[in-house]
1. Just the number, please: Stokes-Einstein D of chain B in µm²/s, Kirkwood Rh from C-alpha pairs, 4 °C, 1.567 mPa s.
2. As a check on your grasp of the helix formula, calculate [θ] at 222 nm for chain B: sum -39500 (n - 2.57) over DSSP H runs of n ≥ 4, divide by the residue count, round to the nearest 500.
3. Taking the simple approach of a point 7 Å from Cα along Cα-to-Cβ for both residue A:45 and residue A:119, what is their distance in nm?
4. Answer with one residue from A:177, B:146, B:52: the one whose Cα lies farthest towards the positive end of the charge dipole of the protein assembly as shown, charges on Cβ with Lys, Arg +1 and Asp, Glu -1.
5. State, as an integer percentage, the relative contact order of chain B based on alpha-carbon contacts under 8 Å between residues 6 or more apart.
6. If I model a spin label as a point 7 Å beyond the Cα along the Cα-Cβ vector, how far apart are those points for residue B:118 and residue A:1 in nm?
7. What are the principal axis extents of the Cα atoms in the stretch A:141-187, in Å, biggest first?
8. Starting from the Kirkwood radius over alpha-carbon pairs of the protein assembly as shown, derive D by Stokes-Einstein at 10 °C in a medium of 1.306 mPa s and give it in µm² s⁻¹.
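None of the figures in this text is laboratory data; all of them are computed from the coordinates on show. Note that this is a predicted model, so its numbers are computed, not measured. FYI the Cβ positions are ideal-geometry reconstructions off the backbone, even for glycines, and counts take in every protein chain you see.
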Amino acid sequence: MNIFLAVLQRDLKLALRRRREVANPLVFFIIVVSLFPLGVSPDRELLSEIAPGVIWVTALLASLMSMDAIFRSDYDDGSLEQLLLLPGSKVLLVLAKVTAHWISIGLPLIIIAPVMALLLYFPAHAIVSLMVTLLISTPILSLLGAVGVALTLSLRTGGILSSLLILPFYIPVLIFSTMAISAATSNLPVMGYYALLGAFLIMSLILVPFAVVAALKVSHN
Amino acid sequence: MHFIHKYGSPNYFYQWSGTWLKILSALTLILMALGLYWALIISPPDYQQSETVRIMYIHVPSAWMSMFTYVVMASAGVVAMIWRIKVAEIVVAQSAIIGASFTLLALVTGMLWGKPMWGAYWVWDARLTSELVLLFLYVGVLAIYSAYEDPRTGAKAASILAIVGVINIPIIHYSVEWWNTLHQGPTVTKFDSPSAPLSMLTPLFIMFFAFKTYFFALLFARTRNALLSRERHTSWVQEILEK
């Protein structure tokens, strides 16, 4: 557990010192969402209908684009290798890095999402469901994204390749989340979708860190 | 686990796979000829779909093989990760190419069938979308494999991705299934009362086995070739070359 807390603290401190870098995905999210009314149409009906999809796809992309930061700088200056050489659980190390990444990128995204949803005329009574799905699902995105980054660390063209590898795995999250939101918009029960997302989160929490550790070992070869 | 190392040693693999390659190629030839003749000439046209139904004899086996190949690839990935068997690493890469081709074949034949039947080449139906996502997953495995200059590192990375993929595929499949379904339900796997007549099922199953033997023959042939080029500086390859 010590290694978890130590790495978590270190990564959060680093994120605080690189505030501008941390803010970039957020700005990206805001700009891309506001491009949709310009690109599609300012029509109220249409926008409120596509709002869940737009917000979710943009959140996926924003989270993917920021994923590279989770291991990149540590890999480049060699500190990741040192961390992996430490005695203790590598799985906890990975979980700590993912948690720190989620706190610095995922949480701000969840907080800003309702504002962006309202810009798209998203019905106010379904905002809670949007936030709940984001709250359950963004950790899954961070976990799965970490696999892609870990697999492509030693490559020069890592960024776009890791998105290509991981985006298909985001499909269930996207489907369950947007289905939950549209159920909430039409006042249908949503607990089933939350439960599915929760199950997916638990499964990812248990299994994905092992894949990340294996991938990091391949990258350090 | 001694046998894994024995059968996976490059030299010994090359020997035993040679015999199997011959048997499988012969079987493929016979089954494919029989199956195609039965499917294209003997079997009756469908009362609704008329002659278009014959696309099914290629489409359905390719779709089955596209999923089967992913499982083969992921299993080879497990062997490659645990026992570090070089042959298994090659099998991962080669089955990714073959699997992607089967998936593409299933998609293209499905589109050609869909145009006269559904009136559109493409609809966002659950099964079509699953198959498309499967193609993306294969492309990912191929992309990561070829991104590494060292094929062994590439194969390890591809193995990890394939293993993560094989756990995810059922989840992706059912999530997509929930999302939208228009595709006709399964007509073959309902074993108690298949909704297709025997005159169509028989050639379909022959084609299925033909595709399966074809897959393994192709996999063996490709793996043997890749193995020879990968191991070209070793003494056992030199010996074969001198013969």
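1. D = 66 µm²/s.
2. Details: 8 runs with 188 residues, N = 243.
The helix contribution divided over chain B gives -27000 deg cm²/dmol.
3. 2.5
4. B:146
5. 31
6. 5.3
7. Result, largest extent first: 48, 15, 11 Å.
8. Calculated translational D: 65 µm²/s.
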